[in-house]
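Take a look at the structure below.
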Amino acid sequence: MNSIYQALYEEDYDYGVARTIERKGPFYLPYTGFVEDWEPLVLRLTEGESCDYLSSNLGCRLCSGKLKNIFEDGAASTDKLQWLPVEVQSDAESLTYWILHFPDPPDVLDLEKSILAGDFVVKPVFAREKLYDHAVFSYPEAGELTFFVSEPVKCTIENASCTGLELSPAPVV
């Protein structure tokens, strides 16, 4: 079993933030199930330059086409990924980004070793035997930002010089 890494926003560089232009109010994706009837959103890039894993005021996983392709190619057959298109506009260009949604997040946690506050997972610890066939995934009710990748996917991200994210080792028992 390879190591597992949590994807986080890179803090050492001043990348931009994609902000909603017309949308008002909260943005939610369902914890499970495919999103139906998606209407692409239009966001405006502010405060810096674009990157492959772009932060936004939507609080979602916003990936460039390059990062999307890496995740699609690296995902295991049991990983369920849904991609929702988003347009990000800047003064110089308009770019297509993709919201990464996990419609069927797998049960991969060791609940006895994970730190929980009620039903909320404070610190996930993964059960090695449950990770057998997952490479790009989240876990049930992890929220809109939390996700993990296998070591081979991490290496591909690094070799492709993807920007905007850092990968931190996650505990596996």
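Shape class for region 1-84, computed from the alpha carbon gyration tensor (a ≥ b ≥ c): oblate, with a/c not under 1.5 and a/b at or below b/c. Taking other residues whose beta carbon is less than 12 angstrom from the beta carbon of Gln82, and scoring Lys, Arg as +1 and Asp, Glu as -1, yields -1. Taking a threshold of 22 Å on the Cα-Cα distance, which of the pairs Lys66/Lys154; Lys68/Lys130; Lys66/Lys130; Lys68/Lys123 fall above it? In this structure, Lys68/Lys130; Lys66/Lys130; Lys68/Lys123 lie more than 22 Å apart at Cα.
Across region 111-126, computed HN-Hα scalar couplings (Karplus, 6.51 cos²θ - 1.76 cosθ + 1.60, θ = phi - 60°) run 5, 6, 9, 5, 9, 10, 10, x, 8, 7, 8, 7, 9, x, 10, 8 Hz from first to last residue, x flagging Gly and Pro. Give me log10 I(q)/I(0) at q = 0.23 Å⁻¹ for region 93-173, Debye formula, one equal scatterer per alpha-carbon, no solvent. So the normalised log intensities work out to -1.25. Once the gyration tensor of the Cα atoms in the chain is diagonalised, the equivalent ellipsoid follows with semi-axes of 27, 18, 15 Å, ordered largest first. Ordering Leu81, Leu165, Ala142 by Cα displacement along the dipole of region 4-170 toward the positive end leaves Ala142 in first place; charges were set at the Cβ atoms of Lys, Arg (+1) and Asp, Glu (-1). Taking 17 Å as the straight-line reach from the Cα of Lys80, the aspartates and glutamates in range (excluding those fewer than 8 positions away in the same chain) are Glu36, Glu72, Asp104, Asp107, Asp133, Glu141, Glu144. Among Phe120, Phe126, the order by Cβ neighbours within 10 angstrom, fewest to most, reads Phe120, Phe126.
Charge tally around Tyr97: other residues with Cβ under 14 Å, Lys/Arg +1 each, Asp/Glu -1 each, net +1.
A simple charge model with +1 on the Cβ of Lys and Arg, -1 on the Cβ of Asp and Glu and nothing else charged puts the dipole of the chain at about 200 debye relative to its Cα centre. Counted residue by residue at 0.36 nm each, then reduced by the alpha carbon distance between them, the extension gain from Asp14 to Asp91 reaches 26.0 nm.
Values quoted throughout were computed directly from the atomic coordinates according to the rules given, and no laboratory measurement underlies them. Here the structure is a predicted model, which means the values were calculated and not measured. As a convention, Cβ positions derive from the backbone with ideal geometry for all residues, glycine included, and neighbour counts pool all protein chains shown.
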